[in-house]
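The values are calculated or read from the model by the stated rules, or taken from the named source; none is laboratory data. The model shown is predicted, which means the values in this text are computed figures rather than measured ones. Every residue, glycine as well, gets a Cβ built from its backbone with ideal geometry; the counts of neighbours run over all protein chains shown.
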Amino acid sequence: MKQIEELVKKGTTTVGIVCKDGIVLAADKRATGGGIVMDKHIEKVIPINDNIAITTAGLVSDIQLITKIIKAELNLKKIRTGTDATVKETASLLGIIVYNNIRKFSTIPGIVGFNLGGVDKEGFHLYNIGVDGSLMKYEDFSVNGSGMIFAYGVLDTLYKKDMAIGDGVKLAIKTINAAIQRDTSTGEGIDVYTVTKAGVKKVFSHSIDTNINA
């Protein structure tokens, strides 16, 4: 059992930031397992419809399955009712899915958490779905992953209430970069998305070249 747990440990740093004109979501690009880097090009910020996106942290297999389920449920909601789910409804449903996932019997615990940012007729919203299925709404910022201790230091120092989305993007880059410098499970690059009245948009992507040629 201990060997399995060592193999499935995952690390990352993901962040959600509330701005006056939208939500910023960002993450690094490294996937680790068994003490090595398994993938250098992971997309950890995922749009789930036109107005909502999530950041992902945890076991890749669980992330992939849960993402498919939440996308399907949102499509079914629209087909059945003719309306999109609100951000709160989406976050609540995702919390239920994660709650059931972590409590099912398995030799490999389904450990996964999300930041969820979205926009609806009530405005902009940022939620954190914990690995236990807990659901919390944030009015400033939310962080997930092994590099959170480094991310919080940057956010606590530099975050300002009612900051513009452009400043939020710059802050997200600084936050993930700080974690890359010190957290061994965070690395390879940064992806940043915004959620505004215009919807979900990828606004920044940078990969770090770690190859050294003689």
Task: Count - residues of the range 134-157 that are assigned to a loop (DSSP other than H, G, I, E, B) and either small (Gly, Ala, Ser) or under 10 Å from Val15 (Cβ atoms) (or both) - done: 4
Task: Residues located in the range 77-133, provided they are farther than 17 Å from Ser61 by Cβ, in a loop (DSSP other than H, G, I, E, B) and among the hydroxyl-bearing types (Ser, Thr, Tyr) - done: Thr83, Thr86
- [ ] Check Ser134 against each of (1) loosely packed, with under 14 Cβ neighbours inside 10 Å; (2) over 19 Å from Ile70 (Cβ atoms) and name the one condition it does not meet.
- [x] (2)
- [ ] Take the residues in the range 160-214 that are among the acidic types (Asp, Glu) and touching a residue at least 24 places away in the same chain (Cβ under 8 Å), then tell me which one is surrounded by the fewest Cβ atoms within 10 Å (Cβ to Cβ).
- [x] Asp162
- [ ] Output the residue which, of all residues in the range 17-34 that are within 26 Å of Arg103 (Cα to Cα) and either within 13 Å of the chain's Cα centre (by Cα) or not hydrophobic (A, V, I, L, M, F, W, C) (or both), is surrounded by the fewest Cβ atoms within 10 Å (Cβ to Cβ).
- [x] Gly34
- [ ] Determine, yes or no, whether Lys40 is in contact (Cβ under 8 Å) with a residue 12 or more places away in the chain, closer than 25 Å to Tyr138 by Cα and basic (Lys, Arg).
- [x] no
Open item on the list: Condition check: charged (D, E, K, R), at pLDDT 95 or above and assigned to a strand (DSSP E or B). Does Lys160 satisfy that?
Closed with: no
Open item on the list: For the condition over 18 Å from Cys19 (Cα atoms), of a type in the set (Gly, Ala, Ser) and touching a Ser or Thr at 6+ places or on another chain (Cβ under 8 Å), what is the one hit in Gly147, Gly110, Gly118, Gly130?
Closed with: Gly147
Task: Scope the range 139-150; condition over 13 Å from Val24 (Cβ atoms) and of a type in the set (Gly, Ala, Ser); matching residues - done: Gly145, Ser146, Gly147
Task: Count of residues meeting criterion [in contact with a Lys or Arg (Cβ under 7 Å, 6 or more places away or on another chain), over 22 Å from Ile102 (Cβ atoms) and of a type in the set (A, V, I, L, M)] in the range 35-68 - done: 1
Task: Every residue from the range 127-143 that is of a type outside the set (Asp, Glu) and either under 17 Å from Leu93 (Cα atoms) or without any contact (Cβ under 8 Å) to a residue 60 or more places away in the chain (or both) - done: Tyr127, Asn128, Ile129, Gly130, Val131, Gly133, Ser134, Leu135, Met136, Lys137
TODO: Among the residues of the range 78-105, write down those that are surrounded by 18 or more Cβ atoms within 10 Å (Cβ to Cβ) and more than 19 Å from the chain's Cα centre (by Cα).
DONE: Asp84, Ala85
